[in-house]
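Notes follow the structure.
The numbers here are math on the coordinates, done by the rules we state, and not lab data. All values reported here derive from a predicted model rather than from experimental measurement. Backbone-built Cβ (ideal geometry, glycine too); neighbour counts: all protein chains shown.
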Amino acid sequence: MSQHLTVVEHPLVQHKLTLMREEKTSTAVFRQLLREISQLLAYEVTSGLAMTTKTITTPMQDMEAPVLDGKKLALISILRAGNGLLDGVLELIPSARVGFVGLYRDEETLEPVQYYFKVPTELEDRLVIAVDPMLATGNSSVAAIDLLKKAGAKNIRFLCLLAAPEGVERMKEAHPDVPIVTASLDERLNDKGYIVPGLGDAGDRMFGTK
Ligand code: URA
């Protein structure tokens, strides 16, 4: 992927996103839509993967057929909302290896602090796709990618549902080598760090918490 930011304009993605944004959409429907949209976004974020061929036999004849090359890719969920995106992506790429990064915000320093980190081995040889539905300030995404790079990851892509311009800028400064794929670049952040127009708190909406 060469572009730093890709907004997936596909009509199905945009239609489903509109339904997800609506306040009246129930938790069950929100979850189902997230599952569906994640698969469409997964299609985009995996574009250009390295390929090789293998010899197969069709009912008609032998052929050299294309297959993915290299190690299984690694999907990294940034907890907790990342898990909602992860489920859909895993349906499309069931053999992917999976990791989790847990961060919370220190109320005094406002800096992200790690509370959980478990990732697949040999990260350096895998395409690593970090998933988090909301790229808001970018603080936790940047910190999660710092940790993934420390663990050896060299080829990282970031998948989110919505991005704020502030978060995209922050990521571009800190990690210009990490392409971002999203369904929408929204207007801005509000004074509480929420994306507007946005969809509210993604974790609360997918898990039915408040
Ligand atoms: N996290 C969310 O869940 N929603 C936002 O708008 C911003 C960050």
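A few notes on this one:
- Given Lys150/Lys192; Lys24/Lys192; Lys154/Lys192, the pairs whose alpha carbons are separated by over 26 Å: Lys150/Lys192; Lys154/Lys192
- Shown here for segment 22-59: trypsin sites (Lys or Arg not before Pro) in loop regions (DSSP other than H, G, I, E, B) with at most 16 other Cβ atoms within 10 Å, namely Lys24.
- Taking the charge dipole of the chain about its Cα centre, with +1 at Lys and Arg Cβ atoms and -1 at Asp and Glu Cβ atoms, the residue from Leu40, Ala151, Val29 reaching farthest to the positive side is Val29.
- Amide proton proximity set for Ile129, modelled H, under 5 Å, gap of 5+: Ala74, Leu75, Ile76, Arg157
- When shorter helices are ignored and each DSSP H run of at least 4 residues is given -39500 (n - 2.57), the per-residue value for the chain at 222 nm works out to -10000 deg cm²/dmol.
- Here the extension length gained between Leu92 and Lys210 equals 39.5 nm, from 0.36 nm per residue of separation less the Cα-Cα distance.
- Between 0 and 90°, nearest 10: helix 27-45 axis offset from the chain longest Cα axis: 50 degrees
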